[in-house]
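The values are calculated or read from the model by the stated rules, or taken from the named source; none is laboratory data. Quantities reported herein were computed from a predicted structural model and do not represent experimental measurements. Counting neighbours? That spans all protein chains shown, and the Cβs are built from the backbone with ideal geometry, glycine included.
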Amino acid sequence: MAYPSNLLQADWKRVLGAGMMCSVLALGTAFAQEAAPAAADAAAQTEGQREAADAAKYLAEGGEDEPHVREAPAPDAHRVYVGDPAHFAAITQQFIINGSDGTVEGMLDGGFLPNPVVTDDGSMIAQASTVFSRISRGERTDYVEVYDPKTLLPTADIELPNAPRFLVGTYPWMTTFMPDNKSLLFYQFSPAPAVGLVDIEGKKFDRMIDVPDCFHMFPSSESTFFMHCRDGSLAKVEMGAEDKVTQTAVFHGEDEYLINHPAYSMKSKKIVWPTYTGKIYQVDLSSGDANFMDPIETLTAEEQAADWRPGGWQQVAYHRTKDRSYLLVDQRDQWRHKTASRFLVVTDLKTGERVNKFELGHEIDSVAVSQDNDALLYGLSTGDRTLYVYDAETGKELRKVDQLGRGPQVLNVHDLEP
């Protein structure tokens, strides 16, 4: 794993206080004196030796010696966030990675089963999280924490009353910003279905909204979001002085099981939702109401007969401007839809035609795609603890980033224009 010098620590790995300067300078001088030709010695040095020598040179040339935190580059279309729930550990991590070169630009800590989200415009990172006073027991606190995407320092820490966040899990669209980035929604499973509204702009919890037995939140305006209900319909929730909930007609049958990790573009307001067999339902929310489009089969009849099915954790990604879906598939027994996949099918959602089918070369659990014209495809392997980066057009593996925590599962990208 490549950790650059701008990894949101002080210059040269950690903060170099005045008390450490002489030691580091002496260490770097010793390295320099023992060196033969510089190029040969550089190759023989360990990473720590090289960084110590570089730090000594930096200070000797008049570099700053006051502790300070460096900033990461501003988010771009190729920044990707890897969430590691660490197999239900009480303390977790999120890795911020530059997909263009595979460097890790920073890390964030989280509590139990945090639900990370990012704004489309790259202005904020947030997570709804849970911590306990004695690590894995004791007094419980649920909270929403918001971070600056360059310094990775918190800009808001909003405590939620009455522990409303119950085992939300690492599911996309169970926590989401609203389109104007002024508020955030989180889901409550227990004691009854409800959606929490957090005022990000005012840095405070607002209220809980009672909803029917429905899940996921797909915001379509600053005051409206849709949810998927158990009967196969969508609920439209309009927030106001009195919240209003209406339900659409049923759009899929009880025997067509939708995966619980759909893709949604808040910019195009389109839901892309595969079933366990590879059929994709599309819902257009751009009019303010739910427009159900004709479903598309992403697997051929021959593939379905040969037991090809979707599988993984975060199984589908959606490219907004190309209007394409990227779905993890493999040959598998029925009800094995959570196991990793070695292949991916790309489908043009306008025509229903297949664009490509890639062999990924690894057991991939989660996928995401950058939203620029030169799109990168991200394949995350929980077992390998590795993010694999592919060319989204050809499927060629470009690079990888390994040693990502203990059980990474969740991917997020900003929907930034090129």
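Residues checked against (1) farther than 23 Å from ASN181 by Cα; (2) touching a residue at least 40 places away in the same chain (Cβ under 8 Å); (3) crowded, with 18+ Cβ neighbours inside 10 Å; (4) out of contact with any Leu (no Cβ under 7 Å at 6 or more places or on another chain):
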{"site": "GLY63", "(1), (2), (3), (4)": "yes, yes, no, yes"}
{"site": "ALA74", "(1), (2), (3), (4)": "no, yes, no, yes"}
{"site": "ALA77", "(1), (2), (3), (4)": "no, yes, yes, no"}
{"site": "VAL82", "(1), (2), (3), (4)": "no, yes, yes, no"}
{"site": "THR92", "(1), (2), (3), (4)": "yes, yes, yes, yes"}
{"site": "VAL104", "(1), (2), (3), (4)": "yes, yes, yes, no"}
{"site": "ASP109", "(1), (2), (3), (4)": "no, no, no, yes"}
{"site": "THR119", "(1), (2), (3), (4)": "no, yes, yes, yes"}
{"site": "SER123", "(1), (2), (3), (4)": "no, yes, no, yes"}
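Going by the conditions given, is VAL237 within 30 Å of ILE97 (Cβ to Cβ) and in contact (Cβ under 8 Å) with a residue 40 or more places away in the chain?
When the stated conditions are applied, VAL237 does not pass them.
How about segment 66-106: which of its residues are among the aliphatic types (A, V, I, L, M) and under 24 Å from GLU397 (Cβ atoms)?
ALA77, VAL80, VAL82, ILE96, ILE97, VAL104
Can you tell me which condition LEU153 does not meet? The list is (1) under 27 Å from LEU411 (Cβ atoms); (2) in contact (Cβ under 8 Å) with a residue 40 or more places away in the chain; (3) surrounded by 13 or more Cβ atoms within 10 Å (Cβ to Cβ), and all the others hold.
The number of the failed condition is (3).
Using the structure shown, decide if GLY352 is more than 18 Å from the chain's Cα centre (by Cα), of a type in the set (Gly, Ala, Ser), closer than 25 Å to THR119 by Cα and surrounded by fewer than 22 Cβ atoms within 10 Å (Cβ to Cβ).
So GLY352 does not fit the description; no.
Has segment 148-161 got any residue that is at pLDDT 95 or above, hydrophobic (A, V, I, L, M, F, W, C) and under 30 Å from MET239 (Cα atoms)?
Yes, that holds for at least one residue.
Residue under question is TYR264, and the condition is that it be in contact (Cβ under 8 Å) with a residue 24 or more places away in the chain and either aromatic (Phe, Trp, Tyr) or touching a strand residue (DSSP E or B) at 6+ places or on another chain (Cβ under 6 Å) (or both); does it hold?
Spelling it out, TYR264 is indeed in contact (Cβ under 8 Å) with a residue 24 or more places away in the chain and either aromatic (Phe, Trp, Tyr) or touching a strand residue (DSSP E or B) at 6+ places or on another chain (Cβ under 6 Å) (or both).
A quick yes/no check of all residues on (1) in a loop (DSSP other than H, G, I, E, B); (2) modelled with pLDDT under 95; (3) under 23 Å from GLY83 (Cβ atoms):
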residue: LEU299; (1), (2), (3): yes, no, no
residue: GLU302; (1), (2), (3): no, no, no
residue: ALA317; (1), (2), (3): no, no, yes
residue: VAL345; (1), (2), (3): no, no, no
residue: LEU360; (1), (2), (3): no, no, yes
residue: ASP372; (1), (2), (3): yes, no, yes
residue: LEU377; (1), (2), (3): no, no, yes
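I'm told ARG230 meets every condition in (1) over 23 Å from the mean Cα position of the chain (by Cα); (2) over 28 Å from SER325 (Cα atoms) except one. Can you identify the failing condition by its number?
Every condition holds for ARG230 apart from (2).
Report whether or not PHE186 is surrounded by 15 or more Cβ atoms within 10 Å (Cβ to Cβ), in contact with a strand residue (DSSP E or B) (Cβ under 9 Å, 6 or more places away or on another chain) and farther than 20 Å from PHE112 by Cβ.
Taking the combined requirement at face value, the residue does not satisfy it.
Out of ALA249, ALA241, which single residue is more than 20 Å from PHE186 (Cα to Cα) and out of contact with any Pro (no Cβ under 6 Å at 6 or more places or on another chain)?
None of the other options fit; the residue is ALA249.
Taking the options PHE189, PHE215, PHE205, name whichever one is under 25 Å from GLU145 (Cα atoms), modelled with pLDDT of 95 or more and aromatic (Phe, Trp, Tyr).
The match here is PHE205.
Select from segment 295-317 the residues that are over 15 Å from the mean Cα position of the chain (by Cα) and of a type in the set (A, V, I, L, M) and list them in ascending order.
Residues satisfying the conditions are ILE296, LEU299, ALA301, ALA305, ALA306.
Please go through segment 250-294 and pick out each residue that is of a type in the set (Gly, Ala, Ser) and in a loop (DSSP other than H, G, I, E, B).
GLY253, SER268, GLY278, SER286, SER287, GLY288, ALA290
So, in segment 355-392, of the ones that are of a type in the set (Asp, Glu) and without any contact (Cβ under 8 Å) to a residue 60 or more places away in the chain, which residue ends up surrounded by the most Cβ atoms within 10 Å (Cβ to Cβ)?
Here the answer is ASP365.
Considering only segment 276-295, how many residues are crowded, with 21+ Cβ neighbours inside 10 Å and of a type in the set (Val, Ile, Thr)?
Total meeting the criteria: 2.
Quick one: ASN181 ticks every box in (1) touching a strand residue (DSSP E or B) at 6+ places or on another chain (Cβ under 9 Å); (2) modelled with pLDDT of 95 or more except a single one, so which number is it?
Only one criterion is unmet by ASN181, namely (1).
Can you pull out every residue in segment 397-418 that is assigned to a strand (DSSP E or B) and either touching a helix residue (DSSP H, G or I) at 6+ places or on another chain (Cβ under 8 Å) or surrounded by fewer than 21 Cβ atoms within 10 Å (Cβ to Cβ) (or both)?
GLU397, LEU398, ARG399, LYS400, ASN412
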